[in-house]
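Presented below is the structure to which this report refers.
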Amino acid sequence: RDIPSDSFYTSLTLTPELSASFFDQALHLRWGSIKRDWGHGIQNFMISKNARSFDGIDIQVDFTPWLRYAVINGSLGKFSLNELDDKPFFSDDFQWDKPYYRFDNNISAHRVELDVGKHFTFGIYEAAIWQKRFELSYLNPLTIYMFQQNNLGDIDNMLAGIDGSLTISNIARFYGSLATTEMNVIGNPITMLKAPRNILALQAGVVIPLPVGTFSSLTFQWTY
């Protein structure tokens, strides 16, 4: 019988991280290739902890105990896809002997979170995936990516959305999120849910703590 692999392979995984906190932990700086999780759900729309780690510098500022701002600039690394859901992908010309990969992009993202009372958290976020180059407009932590993308000629991919989380102590945590990469609203805003050119993502879920062990919970989530 044939041996599936007749060679010996080795691999190396490095996840270095440099982090620091200032002003009584009101300012957090982090630089490294780590798992990041920005959002409320499982495989949430902004940056999911189930995605592979990527190298980046992120900053979080706690202006007050109820208002937080986070921004990240990083490199998504080099990768190629030959198939997507068992169907040929447009990068199927990839060859291992080439000195480059099909995709080599950066990410810039920022997020504002506001606590309304003790139980409800509201967030608004925006992200840009852009071809690797020196681009000051996305490196500015206070810029609005959508405006910058329009100024640059609509050559990058945008994501924007809102989310919220309602916690009822010892009972459940409810959350929901809406994200879009293409939006065209004319007249009645309800038309955005069915306009052909719009690209929307919706998510809702509930997490129920269980009286079993220390960290047991039951999660129901709907994603569209």
Point to revise | ³J(HN,Hα) computed for each position of the stretch 206-213 - Karplus, 6.51 cos²θ - 1.76 cosθ + 1.60, integer Hz, glycine/proline x | key: 9, 10, 10, x, 10, x, 10, x
Review point. Taking the Cα centre of each part, how many Å lie between the stretch 20-84 and the stretch 164-184?
Key: 19 Å
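Compute the FRET efficiency between Thr219 and Phe134 as 1/(1 + (r/R0)^6), taking r as their Cβ-Cβ distance and R0 = 35 Å, and round to the nearest 0.05. Spell out each step's value before the answer.
Working: r = 42 Å, r/R0 = 1.20.
It comes out at approximately 0.25.
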Practice item. Apply the Karplus parameterisation 6.51 cos²θ - 1.76 cosθ + 1.60, with θ equal to phi minus 60°, to every residue of the stretch 111-125 and state each ³J(HN,Hα) to the nearest whole Hz, in sequence, with x for glycine and proline. Key: 8, 10, 10, 10, 8, 9, x, 9, 10, 10, 10, 10, x, 10, 9
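All of the numbers you see were taken from the coordinates with simple rules; none came from a lab. As the structure is a computational prediction, the values presented were derived from the model and not from experiment. Heads up, the Cβs are rebuilt from the backbone with ideal geometry, glycines too, and the neighbour counts pull from every protein chain shown.
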